[in-house]
1. Select from the stretch 149-181 the residues that are assigned to a helix (DSSP H, G or I), modelled with pLDDT under 90 and hydrophobic (A, V, I, L, M, F, W, C) and list them in ascending order.
2. Identify, by number, the condition in (1) farther than 16 Å from residue 4 by Cβ; (2) within 16 Å of ligand 1 (Cβ to nearest atom); (3) of a type in the set (Gly, Ala, Ser) that residue 86 doesn't meet.
3. If you take the residues of the stretch 51-68 that are crowded, with 17+ Cβ neighbours inside 10 Å and not small (Gly, Ala, Ser), which of them is farthest from ligand 1 (Cβ to nearest atom)?
4. Does the stretch 30-39 contain at least one residue that is closer than 22 Å to residue 196 by Cβ, touching a Ser or Thr at 6+ places or on another chain (Cβ under 6 Å) and either away from ligand 2 (no atom under 16 Å from the Cβ) or not assigned by TED's automatic domain parsing to the domain that holds residue 193 (or both)?
5. Hey, any hits in the stretch 1-14 for a residue that's in a strand (DSSP E or B), in contact (Cβ under 8 Å) with a residue 24 or more places away in the chain, over 22 Å from the mean Cα position of the chain (by Cα) and within 16 Å of ligand 2 (Cβ to nearest atom)?
6. Which residues, taken from the stretch 133-153, are crowded, with 22+ Cβ neighbours inside 10 Å and among the basic types (Lys, Arg)?
7. Suppose we filter the stretch 1-30 for residues that are touching a Phe, Trp or Tyr at 6+ places or on another chain (Cβ under 7 Å) and away from ligand 1 (no atom under 15 Å from the Cβ); how many remain?
8. Taking the conditions exactly as written (in the same structural domain as residue 158 (by TED's automatic domain parsing), free of Cβ contacts under 8 Å to residues at least 40 places away in the same chain, away from ligand 2 (no atom under 13 Å from the Cβ) and within 20 Å of residue 150 (Cβ to Cβ)), does residue 51 satisfy them or not?
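The values are calculated or read from the model by the stated rules, or taken from the named source; none is laboratory data. Quantities reported herein were computed from a predicted structural model and do not represent experimental measurements. Cβ sites come from the backbone with ideal geometry, for glycine too, and all protein chains shown count toward neighbours.
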Amino acid sequence: MIRFEQITKQYPDGTVAVDHLDLEVQKGEFLVLAGPSGCGKTTTLKMINRLIPTSSGSLYIDGKPAVDYPLDQLRWNIGYVLQQIALFPHMTIEENITVVPEMKGWPKEKLKARAAELLRMVGLDPDIYAARKPSELSGGQQQRVGVVRALAADPDILLMDEPFSALDPVSREKLQDDLLRLKEELGKTTVFVTHDMDEALKLADRICLMREGKVVQLSTPEDLLLNPADDFVRSFIGKRKEEPAVDLRAAMEKPDAENEPAVVLPAFVEVRILLNALAEHDSVGVESAGKIVGRVSRGAAFRLLARMAGKGGTDDGGTHG
Ligand code: ADP
Ligand code: MG
């Protein structure tokens, strides 16, 4: 679906950002480009939608050279999400989401219905949020709008460049979970850039780990962990957080049918994230396999943490995820 053949990008100042890259992204695949800052991830991504021209080599989309597509057709068919999404401040959320479909000439009712459908997909009630201005949303909510805006015209390809890295840990986890669900539901061909190995391992079908414009290893998350190609990969994997985590199911009550939880955490969650959430909320929802399975009150959570501390460690045996 997306094929790089010996792609090189050399900037005018002589910097070789991408060096004879061979890479194929399969249809429906979620590929994560990972690697340290400056290794060429953003440059690689932006060559796909031609925000950056290649210096040499061939780049194909659906078997056709990317340069042979009319630029607007190419861009409309490729959703693009950035770290700091820029929503248009004077436009409503609905108008922001439907910019591209509107340019494509969709009728008014269809635009409205599409915006509502997309907002629901990421847990934002359209009756509340469609008419709001971006400044009336939190950072996490704005970023959520940025993600669905990229999906608005149902593009074949989704490009995401560190889309969650400016968010607080709770919002970040939530958006990652949303994205995992969208991945299952929509099956878009996605290229996702991150320098965060935890995020890469959580989201990717395959991870392409880059260094100095070259691919160091291209494998599934499991294979990367089990068979790192070299010391660079090993050290990159080693940068993962090995943070204490708890299983919230040990302190869980039934979900409260009357009140939707303001924050939902995965059943197995890092202590840091749990404490952050409890600083703001009296209880948190607990999610497992995409469903809310219960809630944990602040008191129950603290008692769980106290039991854990009494045992002298976390209850996960030191493994992560
Ligand atoms: P990443 O996204 O992995 O951090 P980039 O693709 O942004 O990496 O950058 C790769 C390399 O290219 C870096 O050395 C960076 O400094 C350089 N670079 C990026 N943009 C330009 C530019 N416009 N002109 C010159 N060098 C650039
Ligand atoms: Mg970058």
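1. If the condition is that a residue be assigned to a helix (DSSP H, G or I), modelled with pLDDT under 90 and hydrophobic (A, V, I, L, M, F, W, C), then 170, 175 are the ones that fit.
2. All conditions are met except number (2).
3. Across the stretch 51-68, the extreme among qualifying residues is 61.
4. Looking through the stretch 30-39, at least one residue is closer than 22 Å to residue 196 by Cβ, touching a Ser or Thr at 6+ places or on another chain (Cβ under 6 Å) and either away from ligand 2 (no atom under 16 Å from the Cβ) or not assigned by TED's automatic domain parsing to the domain that holds residue 193 (or both).
5. yes
6. Once the filter is applied, which keeps residues that are crowded, with 22+ Cβ neighbours inside 10 Å and among the basic types (Lys, Arg), the stretch 133-153 yields 144, 149.
7. Final tally of qualifying residues: 3.
8. No.
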